[in-house]
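See below for the structure under consideration.
The values are calculated or read from the model by the stated rules, or taken from the named source; none is laboratory data. Computed from a predicted model, the values in this text were never measured in an experiment. Here the Cβ is made from the backbone with ideal geometry for all residues, glycine too, and neighbour counts use every protein chain on show. Remember, those area values only see protein heavy atoms, side chains included, never the ligands or the DNA or RNA. Shrake-Rupley method; radii C 1.70, N 1.55, O 1.52, S 1.80 Å.
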Amino acid sequence: MTDKEAPAVQPLEPGGFTLADLDGMPDDGMRYELVDGTLLVTPSPLPIHQDAALQLAARLLAGCLPDLNVFIAPMDFQPDVHKSLQPDVLVCRKEDVGQKVIAQLLLAVEVLSPATRSKDLVWKRLAYEQSGIESYWIFDPEVEMLTVLELEDGRYVERAVVKADEAFEAGLPFAVRDRSR
């Protein structure tokens with residue numbers, strides 16, 4: 001495995017970290033997330049990643065319903081005492097927004113990058129699925145491809161894979177029609 005292919009997930013002492021430990025992490029430009037007591041640390045995103053996240057958020061914001069919010073990272077989603085995640089883009093009900101964290105999501109969007117690819121495809125997919133988030137989108141800006149997953153009987157199923165300039169029409173969390181980029 002080359003350095004470029006190295007997994008982005010950097011677990012530190014699996015199972016031993018808590019939400020209280022997260023509060024004590026340094027403000028050093030790294031993203032700190034918690035999945036079942038495992039601390040995940042990733043570097044700040046690259047410009048291609050941020051551009052993709054902003055473009056997706058703008059498209060969601062354009063169709064957002066009045067009782068919903070669209071946010072971009074960093075914004076903590078804490079579904080339980082063992083998890084604190086920061087989706088790149090998220091949609092939630094306004095009533096689920098707390099002072100510092102969000103209790104429930106309708107949509108989580110992750111933009112893949114070399115530093116987050118394995119974490120987004122494995123750790124976060126499972127954490128979002130277990131948290132009951134009805135829709136999870138994964139966007140790969142390198143190949144301009146959006147994968148749409150939706151919960152069915154408690155498991156994510158692939159609803160769409162949208163490439164480059166193909167049109168996409170989402171039903172969840174609300175109707176959105178646009179091209180992937």
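For segment 124-135, give me each residue that is surrounded by fewer than 21 Cβ atoms within 10 Å (Cβ to Cβ), not charged (D, E, K, R) and not in a loop (DSSP other than H, G, I, E, B).
126, 130
Only residues that are more than 16 Å from residue 51 (Cβ to Cβ), open to solvent by 90 Å² or more (accessible area, probe 1.4 Å) and not in a strand (DSSP E or B): list them for segment 136-181, please.
Residues satisfying the conditions are 153, 165.
Restricting segment 83-106 to residues that are over 16 Å from the mean Cα position of the chain (by Cα) and acidic (Asp, Glu), which is nearest to residue 138 (Cα to Cα)?
If we take residues in segment 83-106 being over 16 Å from the mean Cα position of the chain (by Cα) and acidic (Asp, Glu), then 96 is nearest to residue 138 (Cα to Cα).
Report, by residue number, each residue of segment 79-107 that is in contact with a helix residue (DSSP H, G or I) (Cβ under 7 Å, 6 or more places away or on another chain) and not aliphatic (A, V, I, L, M).
Selection gives 83, 84, 88, 104.
Just to verify a result, which residue in segment 86-123, among those that are of a type in the set (A, V, I, L, M) and without any contact (Cβ under 8 Å) to a residue 24 or more places away in the chain, is least open to solvent (accessible area, probe 1.4 Å)?
Restricting to residues being of a type in the set (A, V, I, L, M) and without any contact (Cβ under 8 Å) to a residue 24 or more places away in the chain, the top hit is 90.
Of everything in segment 35-79 that's open to solvent by less than 20 Å² (accessible area, probe 1.4 Å) and hydroxyl-bearing (Ser, Thr, Tyr), which residue is nearest to the chain's Cα centre (by Cα)?
So, considering only residues that are open to solvent by less than 20 Å² (accessible area, probe 1.4 Å) and hydroxyl-bearing (Ser, Thr, Tyr), the one nearest to the chain's Cα centre (by Cα) is 42.
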